[in-house]
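Comments concern the structure below.
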Amino acid sequence: MLSPGEITAEFRRTVERENLLFSSLVASVAYGRTFRERFVGNPKYREPFTTVTTVGDVLFPISTWTAKDMDDLFEPYPAPLDLWVGQSWVMRVFSQWEEVTRPKLARTRGVQLHQIASDVMGDLRNIRNDIVHHRAVASKDNCGRLKVLNDWVAVGYPIEVVHSHVADFLIKFEWEQIART
């Protein structure tokens with residue numbers, strides 16, 4: 001059986017993998033913006049734009065884009081793709097905590113699940129609840145009760161999780177306390 005410190009280290013590695021995925025997706029969105037800037041309005045290229053992949057010598061179309069499709073995805077900042085990446089990070093990290101890490105810690109310590117608590121993860125739960133149940137708009141009932149991550153959102157406004165929030169999470173999460181308790 002793993003020790004609480006090992007379980008916490010395992011959770012940290014998972015969060016760091018999620019952060020790497022987050023960074024990769026942010027880079028992909030940036031590439032999409034670059035793609036749009038390069039092709040839209042350039043007389044050498046005509047709409048619709050088709051992205052393709054090759055298998056051997058054969059080209060297979062993957063998707064077809066118009067300038068309007070690209071505008072809808074990438075503009076203004078933060079655009080739908082930017083928002084999706086950040087909101088997905090919240091969902092994935094909270095799910096890992098709630099479904100894997102927290103139950104492991106409770107079993108290892110021989111305590112009830114509710115005895116394994118984290119203010120940061122409680123805040124992430126409230127942010128997640130507003131993403132899922134309030135169309136990603138911060139509500140008074142959830143995000144209005146944040147204890148630690150209260151500078152991430154404003155009640156009544158869309159939830160926009162960006163790279164600085166991910167870094168802030170790594171700083172504010174109670175790594176030592178959770179590993180010791």
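The values are calculated or read from the model by the stated rules, or taken from the named source; none is laboratory data. Since the structure is predicted, the reported quantities are computational estimates derived from the model, not experimental observations. With ideal geometry, Cβ positions are generated from the backbone for all residues, glycine too; neighbour counts draw on all protein chains shown.
Brief remarks on what is shown
- Qualifying residue in the range 119-132 (condition: buried (at least 16 other Cβ atoms within 10 Å of the Cβ), more than 17 Å from residue 5 (Cα to Cα) and acidic (Asp, Glu)): yes
- Residue in the range 19-44 that is farthest from residue 84 (Cα to Cα), counting only those that are touching a helix residue (DSSP H, G or I) at 6+ places or on another chain (Cβ under 9 Å) and in a loop (DSSP other than H, G, I, E, B): 41
- Residue match in the range 60-68 (condition: at pLDDT below 90 and either aliphatic (A, V, I, L, M) or within 23 Å of residue 154 (Cα to Cα) (or both)): yes
- Restricted to the range 133-164, and to residues there that are buried (at least 22 other Cβ atoms within 10 Å of the Cβ) and in contact (Cβ under 8 Å) with a residue 40 or more places away in the chain, the residue that is nearest to residue 26 (Cα to Cα) is 161.
- Of the helices (runs of 4 or more DSSP H) lying entirely inside the range 56-132, the ones with 3 or more residues being closer than 17 Å to residue 12 by Cβ are found at 80-96, 102-109.
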